[in-house]
Every structure is written in structure tokens, then in C-alpha cells.
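*Asks:* Pasting a structure below so you can have a look.
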Amino acid sequence: MIDSEQKISIRNALRDTRREGLINFVEDLIGLLDQEGFSFQDLLEALFCWGYRQTIVDCRL
């Protein structure tokens with residue numbers, strides 16, 4: 001049986017792995033957007049708009 005300390009250690013390791021994967025994905029995405037002529041600001045504005053739309057949809061439920 002896995003004790004609580006071991007579970008916490010496993011969760012932290014999984015979280016770190018996911019974070020590293022996400023960092024790599026974002027780096028690749030920003031590089032691709034840059035190649036296509038988009039800026040980091042364009043990405044932030046798109047994320048803001050996407051988040052706003054998600055909030056509106058959630059409010060309608």
C-alpha cells in the first residue's frame with residue numbers, strides 16, 4: 001500500500017512532468033505563430049477572448 005507521503009511525491013512528479021510538457025508545447029506554439037507573423041501579444045489577446053467566451057458560455061448554463 002502507498003502511504004500519503006508517497007502519494008504526494010508521485011503527484012508532484014506528475015505535475016512537474018505535465019508542466020514541462022506544457023512549457024515545450026507553448027515554446028513550439030509561439031515559434032510557429034512567430035513564423036506566421038503573429039506576436040506574443042496576439043496570442044495573449046486571443047487567449048483573453050477565448051477565456052471571455054468560456055465565461056459567457058458558463059454563465060448561460
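Read-outs throughout are calculated quantities, based only on the coordinates presented, and are distinct from any laboratory measurement. What you see is a predicted model, and the numbers here were worked out from it, not measured in a lab. Quick reminder, even Gly has a Cβ in these numbers, built from the backbone with ideal geometry, and neighbours come from all protein chains shown.
*Asks:* Along Cα→Cβ, 7 Å out, is where each label goes; now give me the distance between the ones at TYR52 and ARG11 in nm to one decimal.
*Replies:* Result: 3.6 nm between the two label points.
*Asks:* OK, next. To the nearest 10 degrees, how steeply does helix 4-35 sit against the main Cα axis of the chain, on a 0 to 90 scale?
*Replies:* Rounded to the nearest ten degrees, it is 20.
*Asks:* To check my understanding: the extent here is largest minus smallest coordinate of the Cα atoms along each principal axis. What are those three numbers for the chain, in Å, largest first?
*Replies:* 51, 37, 12
*Asks:* Follow-up. Counting Lys and Arg as +1 and Asp and Glu as -1, each charge on the Cβ, what is the dipole of the chain about the Cα centre in debye, to the nearest 20?
*Replies:* 420
*Asks:* Another question about this same structure. Once both labels are modelled 7 Å past Cα along the beta-carbon direction, what's the ASP28-LEU44 spacing in nm?
*Replies:* 2.5
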